[in-house]
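K.L.:
Just passing along the structure, written as structure tokens.
Derivation of every value follows stated rules applied to the coordinates shown; laboratory data play no part. Small disclaimer: the values here were computed from a predicted structure and weren't measured. Heads up, the Cβs are rebuilt from the backbone with ideal geometry, glycines too, and the neighbour counts pull from every protein chain shown.
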């Protein structure tokens with residue numbers, strides 16, 4: 001089991017719990033979308049999975065191990081891309097490898113050979129159509145290209161779990177659709193477990209073969225909607241896609 005939450009409880013100081021005795025499982029290689037209204041705990045759950053927040057009760061296991069801090073093989077991609085404005089596309093894509101080369105893959109010990117393996121980013125720049133832009137700065141490229149750079153930086157680290165926090169919400173419709181398809185394609189190629197946070201019903205129905213629907217806190221039970229057609233050709237033009245969107249909208253309106 002890739003992700004295992006057992007009776008997880010989490011809350012911010014002087015506020016009601018966001019999660020209380022919450023149980024959830026996600027298997028390796030699955031694609032999950034986390035959907036819900038603003039303030040329901042979507043990003044909080046993602047930060048818990050990334051090791052940036054710690055449960056106040058219960059257990060959180062990732063790849064069978066208790067999560068006590070960020071793990072080297074979890075990739076996190078945020079809406080703001082997280083690119084250094086003074087660094088080129090190539091330098092931004094190499095950043096994670098350079099940090100790992102300094103601290104080591106476990107975040108503590110430097111690797112014995114001292115190598116950053118920076119050249120391994122070049123195939124990702126080519127795969128993501130960024131090789132011709134390698135010497136450009138973030139201000140010189142489009143939003144979609146900046147997001148591709150963030151994806152290249154993350155995949156160069158060879159993660160097994162990819163966490164994304166509304167990564168496409170600021171992009172135009174065509175660029176968003178292209179990057180959604182590319183992300184699903186890359187996850188299938190690399191056998192990645194994907195968890196993407198979104199507030200958009202349509203994006204959840206496109207990206208998640210399983211959808212975790214959160215409601216007003218405290219979340220005490222995992223509401224899961226199966227969406228097996230996600231990622232398949234022409235899924236967005238299918239009756240199943242339309243039915244899933246209708247079901248999700250009804251559930252959110254009733255919550």
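K.L.:
Along each of the three principal axes of the Cα atoms of the stretch 136-219, give the extent in whole Å, ordering the values from largest to smallest.
P.N.:
Projected onto the principal axes, the Cα atoms of the stretch 136-219 cover 45, 27, 22 Å.
K.L.:
Hey, any idea what Rg/Rh is for the stretch 180-255, computing Rh the Kirkwood way over Cα pairs?
P.N.:
For the stretch 180-255, the value is 0.98.
K.L.:
Among the DSSP beta bridges whose two residues both lie in the chain, what percent are antiparallel, rounded to the nearest 5?
P.N.:
45 percent
K.L.:
May I ask you to order 16-23, 43-50 by the average number of other C-beta atoms within 10 Å around their residues, highest value first?
P.N.:
Sorting 16-23, 43-50 by mean packing, highest first, produces 43-50, 16-23.
K.L.:
To one decimal place, what orientation-averaged projected area in nm² is obtained for the convex hull of the Cα set of the stretch 107-255?
P.N.:
The orientation-averaged projected area of the Cα hull of the stretch 107-255 comes to 11.9 nm².
K.L.:
Label points 7 Å out from Cα along the Cβ direction at residue 127 and residue 236: separation in nm?
P.N.:
Going by the 7 Å Cα→Cβ label model, 2.3 nm.
K.L.:
On alpha-carbon atoms, Rg over Rh for the stretch 1-65 using Kirkwood Rh?
P.N.:
Rounded to two decimals, Rg over Rh is 0.95.
K.L.:
Something else now. Work out how much length residue 54 to residue 199 would gain on full extension: take 0.36 nm times their residue separation and subtract the Cα-Cα distance, in nm to one decimal.
P.N.:
49.9 nm
K.L.:
Residue 254 to residue 216: extension gain in nm, 0.36 nm per residue of separation minus the Cα-Cα distance?
P.N.:
12.5 nm
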